[in-house]
Amino acid sequence: MSSLLLQHDLFIDGQETPSADGRRFEVRSPHDGAPVASVAAATAADVDRAVAAAQAAFLAWSALTAYERESRIRKATAHARTLAPEIGRLMALEQGKPINQGCSEVLGACDTIDYYAAEAVRIEGTINPTEHRDYRSMVIHQPIGVCAVITPWNYPVSLLSWKLGPALATGCAVIVKPTTVTPLSPAAFCRALVAGGIPGGLLNVLPGSGATLGDALVRHPGVAKIAMTGSSPTGKRILAAAAPTLKKVSLELGGQCPAIVCVDADLGNAAKVAAYKGFRNCGQSCSAVNRIFVHRDVAKSFLEKLRAEAEKLTLGDPLANPAADLGPMATADGVETARAHVADALSKGARLLTGGGAPSVSPGPGGRYFLPTVLADATPDMRVMREETFGPVVGVAIFTDLDEAVRLANDSDYGLVSYLFTRDLATAHRVSERLESGTVCVNHGAVNTNYGPYAGWKDSGYGVELSRRAVFEYLKTKHIKFQL
Ligand code: NAD
C-alpha cells in the first residue's frame, strides 16, 4: 500500500519535537499489515511541556475579542479544507476507511469547527434584577483554560472537531491525545489548523498510550477540562482519575443501539437505514445499529430486504478503491470480537442470513476484512444483543407488541441512540419519548448534526457534545455583583 514509512513527532508550541525519552511506536496498515509510520510516543515530561505552552497561548487567545477568534478560526478551517485529500489518505492508511469517506470526514470536521466559530460571538451573559436598588448583578461566562482532548480511532478527525470547535471558539487552549491506532490524521488536521493561523501553543498534539500518557494528562493540575470519546470502562477510569483535581469532564462513550421496526414501517427505508448504520465504517461507530426488533408480521420481508442491502455493500482496499463502501476493520482485536459474537450467537440458536466472517477473496493479504453480517432469530442472552460488537454484525429479534419492543430496546446498560421506524405519528411520538437514550432517530440514520445535542444516557456518556449546549462544557460561570 505504502512503501514510504512516515515519520511523525509530537507537536508542541507549533514545533515538531521528539518525545522526552526518544521512544516511538509503529502504525501498521489494517489493509495488509504493512508498516505505515513511526510515531514519537509522548511521556509525562512531554505533558508538562505541552501544558506550559498551552497555558501561555491561552492567555493571549482568550484575550482576543470573540470576533477576532471567529475570523482566525475560519481562516484556519479554510486552509485545512485544502488539505482534506491528504488527511483523508492518512486516515485510510491507518484506520482503513475508504479514502473518499476520510476526505468527507475532514470536510465535515471543518464545518463543525466553523459552526462553533459562529458561537464565539454569541456567548451571552445575563443581567439580573436584584433585591436592592443599589445592587447590580451580572453573569458572565469565561473560558475554562487548558483542555485535554482524548479521542478514539473510529472517527479520528470528526470526533476531534466536536471538541476543538467549542474549545477554540470559547477561548480555550487544547492538548490532543489521539489513539496509537490512528495518530496520523488527527495530528495532520491540527497541524493544518495551525498552518492556517491558529497559534501553535494553542493546539498541541501528544500521541501515545492511554494508560500512561492519557492518565498523566487527566491528572495534570494545569489541565482544567477533559473531553473524551471512547469506551465506557475507559470513561469511568478517566472520571475517577479526574476527581482529585475536580476537573470538568465530558465523556461520549459506548453504545449498543436498538432499532424498532413497527408493523406499519416503510420496510425498504428501514432496511436501508439499518444496513447503513449497522455496517458503515465496518460497524465501528458508537451509534451503529447493533440489535433490531422487528414486528412478527413483517419480519420475513424486512429480513430479506436487510440481507439484500448488506450484500450490496462493496469491500475494498481503502486507497486503491476510494469509492468502496467498506475497508478493513481497524484493529485485530475488533475482528476477534466480531468473530466471537457471531460464534456465540450461532451456538445459541441464531440463523446466519449473510456474512459471518472474512470474504472468500480478501482485498488485502492477511487484511482485516469482515463481511456485513445479519443474524436472525437473535435472543437477549446473545452477546451481539448485549455487548458493543463494534464490528459489522447485526442481530435481529421479533416482537409482537410495542410495549415488548420498548422493554427489549431499553434493556441495556447503554443509552446512546435508538432508531424507530413507523409511519404512524402517534407511535413515533409515544415510543420515542419512552426510549432510554440521548438521541432517537425516527425513520432515518442521520444521527449527528452540529445543531443537535449528543448526550449519552446511562453508561453511554456524561455531559453533552455538539449543538450550542456543548459550548458551556468549555466555559466557567461567574456572577459579578456590585453595590453602587
Ligand atoms: P478506548 O476507550 O480504548 O480509548 C479512547 C481514548 O482514551 C484513547 O485515546 C485511549 O488511548 C484513551 N485512554 C485509554 N485509557 C486511558 C486512561 N486511563 N486515561 C486517559 N486516556 C485513556 O476507545 P477506542 O477503542 O479508541 O474507541 C472505541 C470506543 O469509543 C467504543 O466504545 C465506542 O463506542 C466509543 N465511541 C463513542 C462515541 C460517542 O460519541 N459516544 C463515538 C465514537 C466512539
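Taken together, the values in this text are just the output of simple stated rules run on the coordinates, not laboratory data. What you see is a predicted model; the values in this text were computed from it and never measured. Backbone-built Cβ (ideal geometry, glycine too); neighbour counts: all protein chains shown.
The table below lists the values:
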{"item": "Likely footprinting exposure, VAL261, VAL106, VAL464, VAL442, fewest C-beta neighbours within 10 Å first", "result": "VAL442, VAL464, VAL106, VAL261"}
{"item": "Cβ-based charge dipole, the range 203-274, positive-most Cα from VAL261, PRO233, PRO221", "result": "PRO221"}
{"item": "Nearest-20 debye value, the range 306-412 charge dipole, Cβ charges on Lys, Arg, Asp, Glu", "result": "320"}
{"item": "Between 0 and 90°, nearest 10: helix 232-242 axis offset from the chain longest Cα axis", "result": "20"}
{"item": "Lysines with Cα under 30 Å of LYS97, excluding same-chain neighbours fewer than 8 positions away", "result": "LYS75, LYS163, LYS177, LYS236, LYS272, LYS277, LYS305, LYS312, LYS458"}
{"item": "C-alpha long axis of helix 84-95 to longest principal axis of the chain, angle in °", "result": "60"}
{"item": "For the chain, share of DSSP beta bridges that run antiparallel, in % to the nearest 5", "result": "40"}
{"item": "Mean residue ellipticity (222 nm) of the chain, computed from DSSP H runs ≥ 4 via -39,500 (n - 2.57), nearest 500", "result": "-11500 deg cm²/dmol"}
{"item": "Cα gyration tensor shape for the range 1-88, rounded if a/c is under 1.5, else prolate or oblate", "result": "oblate"}
{"item": "Coil-residue GluC sites (Glu not before Pro) of the range 94-144, DSSP, other Cβ within 10 Å capped at 15", "result": "GLU124, GLU131"}
{"item": "Cα long-axis angle, helix 267-279 against the chain (0 to 90 degrees, to the nearest 10)", "result": "60"}
{"item": "Excluding exposed DSSP-loop trypsin sites (Lys or Arg not before Pro) (at most 14 other C-beta within 10 Å), longest clean stretch of the chain", "result": "134-422"}
